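Here's the structure, in structure tokens; my notes come after.
The values are calculated or read from the model by the stated rules, or taken from the named source; none is laboratory data. Given the structure is predicted, the values throughout are model-derived calculations rather than measurements. Note that we place each Cβ from the backbone using ideal geometry, even for glycine, and neighbour counts take in every protein chain shown. For accessibility, only protein heavy atoms count, side chains too; no ligands or nucleic acids. Shrake-Rupley method; radii C 1.70, N 1.55, O 1.52, S 1.80 Å.
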2 protein chains.
Amino acid sequence: MSGESRGSQLLPVLAQLVRFLRQLEGPDNPSSVALAVLRRLSEEGPARVTDLARMTRASQPGMTQLVGRMEKSALVRRVPDPTDGRGVLVEVTEEGRAVVIRTLAHYATTLDHLFDELEPADRDAIVQALPALERLAQAGQKERAG
Amino acid sequence: MSGESRGSQLLPVLAQLVRFLRQLEGPDNPSSVALAVLRRLSEEGPARVTDLARMTRASQPGMTQLVGRMEKSALVRRVPDPTDGRGVLVEVTEEGRAVVIRTLAHYATTLDHLFDELEPADRDAIVQALPALERLAQAGQKERAG
DNA sequence: TATTGTTATACTCTATAACTATA
DNA sequence: TATAGTTATAGAGTATAACAATA
């Protein structure tokens, strides 16, 4: 062990992973925020703009704009909130659901393919580390939330 | 083991990691592409716009524009290429070097801090998986390059 | 003619400030 | 007055097409 910190060791690997995943996102697929919103709407039903903004840590105007773009692409639809005249409920459309399914399948397939190219020992090491990586990412989210 | 593919298992974890690292980047820090360019220039000296574009998989006009923004922020400087009248050499400034050092230190510190909050077993699992994750990311890059 | 770099243009994504409508 | 949402505006980041200068 050198004097190098753990963070320094982790940094280049994570940077490369991020660059790779960013490419995976590509210009045709929905952005990570758009995908997170569509998943949320698909899995838990309609939501307010403010709630979507909070969930994704976006600003309220930013979410208004994203919802606007997604509405233009027919991925979501705005309906008035019956319980609050100021509010708007954002609903996923059938096309929006299809995009979620298609996108996640595409990512999973790509990752599977890459996984298959690795040595079995590497595959095992990554699978072993998945829960730990998840907790690392969660700790990172909490950091900001606090 | 369920019938779920490895890619599907990996997906949510990587997605969360990416979201966390994107927040880490923040609006004040240089973008990942800008940081990659500044590192390249710091470590290996001046480079052509075309080479920087190829290295980061950006378009040539995109790199011209990024260099323009970085020049406006005094992070780099353009000098004519003495060996080719068409070319331009991009050089990092002292301020650019300082930004690289400061940014990497910030990332490393943040990751160290998060690492310290993990259980030792989790830390070990991640360290064990680092070379495998690096190869996974490299495989992903190659995929695109081919 | 091919290469290097830029300009023109357009779109996504994001933010802050100012505004409107409802509570 | 506080909250929900939008509009106005600005800037980063990215791309393609058209162009200028040099090789």
Cleavage-rule hits, GluC sites (Glu not before Pro), the range A:1-107, DSSP coil, Cβ neighbours within 10 Å at most 15: A:E4
Computed on alpha carbon atoms, what radius of gyration and Dmax characterise the protein assembly as shown, expressed in Å? 21.1, 71
Could you please tell me the mean projected area of the C-alpha convex hull for the range A:1-68, averaged over all directions and given in square nanometres to one decimal? 6.7 nm²
In the range B:75-114, what residues drop by 10 Å² or more of accessible area when the other protein chains are put back, versus the chain on its own? Use 1.4 Å, and skip ligands and nucleic acids. B:L104, B:Y107, B:A108, B:L111, B:D112, B:H113, B:L114
Taking a probe of 1.4 Å and leaving out DNA, RNA and ligands, chain A shows per residue an accessible area in Å² of 54 Å²
For B:T109 the rounded accessible area (nearest 10 Å², probe 1.4 Å, non-protein molecules ignored) is 90 Å²
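Dipole size in debye (nearest 20) for the range B:29-145 around its Cα centre, Lys and Arg Cβ +1, Asp and Glu Cβ -1?
Working: 16 positive and 17 negative charges, 152 e Å.
Roughly 720 debye, rounded to the nearest 20.
Given the rule -39500 (n - 2.57) for each run of at least 4 DSSP H residues, summed and divided by the residues of the protein assembly as shown, what is its mean residue ellipticity at 222 nm, to the nearest 500 deg cm²/dmol?
On the way: 12 runs with 208 residues, N = 292.
Dividing the helical sum by the residues of the protein assembly as shown leaves -24000 deg cm²/dmol.
Taking the Cα centre of the range B:74-140 as the origin, how large is its charge dipole in debye, to the nearest 20, when only Lys and Arg (+1) and Asp and Glu (-1) carry charge on their Cβ atoms? Don't skip to the answer; put the middle values down first.
Numbers: 7 positive and 12 negative charges, 93 e Å.
It works out to roughly 440 debye.
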Report the local net charge at A:P46: Lys and Arg +1, Asp and Glu -1, summed over other residues whose C-beta lies under 15 Å from its C-beta. -2
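Heavy atoms only, probe 1.4 Å: what % of the accessible area of the protein assembly as shown goes to carbon and sulfur, would you let me know?
Values: 8040 of 15820 Å².
Reported share for carbon and sulfur atoms: 51 percent.
Which of the trypsin sites (Lys or Arg not before Pro) found in the range A:11-99 are in a DSSP loop and have at most 10 neighbouring Cβ atoms, other than their own, within 10 Å?
Numbers: sites: A:R19, A:R22, A:R39, A:R40, A:R48, A:R54, A:R57, A:R69, A:K72, A:R77, A:R78, A:R86, A:R97; in loops: A:R57, A:R86.
Of the trypsin sites (Lys or Arg not before Pro), the ones in loops of the range A:11-99 whose Cβ has at most 10 other Cβ atoms within 10 Å are A:R86.
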What Kirkwood hydrodynamic radius do you get for chain B when you take the inverse of the mean 1/r over all pairs of distinct Cα atoms, in Å? 17.8 Å
Provide the buried accessible surface between chains A and B in square angstrom, both chains summed, 1.4 Å probe, rounded to the nearest 100. 5300 Å²
Taking H placed 1.01 Å from N in the peptide plane, check which residues at least 5 places from A:T93 or on another chain put their amide H under 5 Å from its amide H. A:V76, A:R77
